[in-house]
Amino acid sequence: MSPAGRKTSATGTRERRIRNDRWGRRAESIAAIFLQFKGYRLIARRARTAVGEIDLVMRKNDTLVFVEVKARATLDSGIFALHPAARRRIEAASRVLAPRYAGRCTTTRIDAVLVRPWAWPVHLIAVWREGM
């Protein structure tokens, strides 16, 4: 704390980062439960690779689904958070993780779940397609 009793910017930044991490983890839990109610089976959470991290790895029937979870205040801000850099990171990580989790799955895809306060999650199926 500064002599005047106010938090310094470094402390405020650290607290904001911790708060955002908690909200992100909570959003991932909400998304996992939401997808399980839709018939998906949770395979892994926060699957890490050298090229990036996948928030949720799910399976439904013969499809392996890599899920990016975005916790935002509005639907628009959640959609805008699915930018090209995020796409490249998620696609690279999914290529690394697919052999590990595929099992008998014949198809893979990348979905997104947008989580907002006091609203139902929004599930975007096959959010990115090849060549788009």
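The values are calculated or read from the model by the stated rules, or taken from the named source; none is laboratory data. Remember, it's a predicted structure, so these values are computed and weren't measured experimentally. With ideal geometry, Cβ positions are generated from the backbone for all residues, glycine too; neighbour counts draw on all protein chains shown.
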Being modelled with pLDDT under 90, hydrophobic (A, V, I, L, M, F, W, C) and assigned to a helix (DSSP H, G or I) is the filter here; which residues of segment 1-57 pass it? ALA10, ILE18, TRP23
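State the number of residues belonging to segment 45-56 that are closer than 13 Å to ARG95 by Cβ and either of a type in the set (A, V, I, L, M, F, W, C) or surrounded by fewer than 15 Cβ atoms within 10 Å (Cβ to Cβ) (or both).
Looking only at that region, the number is 4.
SER77: surrounded by 22 or more Cβ atoms within 10 Å (Cβ to Cβ) and in a helix (DSSP H, G or I), yes or no?
no
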Only listed residue being in contact with a Gly (Cβ under 9 Å, 6 or more places away or on another chain) and at pLDDT 90 or above, chosen from ARG109, ARG89, ARG100, ARG95: ARG89
Scan of segment 80-118 for residues that are surrounded by 11 or more Cβ atoms within 10 Å (Cβ to Cβ) and either in contact (Cβ under 8 Å) with a residue 60 or more places away in the chain or small (Gly, Ala, Ser) (or both), ordered by number: ALA81, ALA86, ALA92, ALA93, SER94, ALA98, ALA102, ALA112, VAL113, VAL115
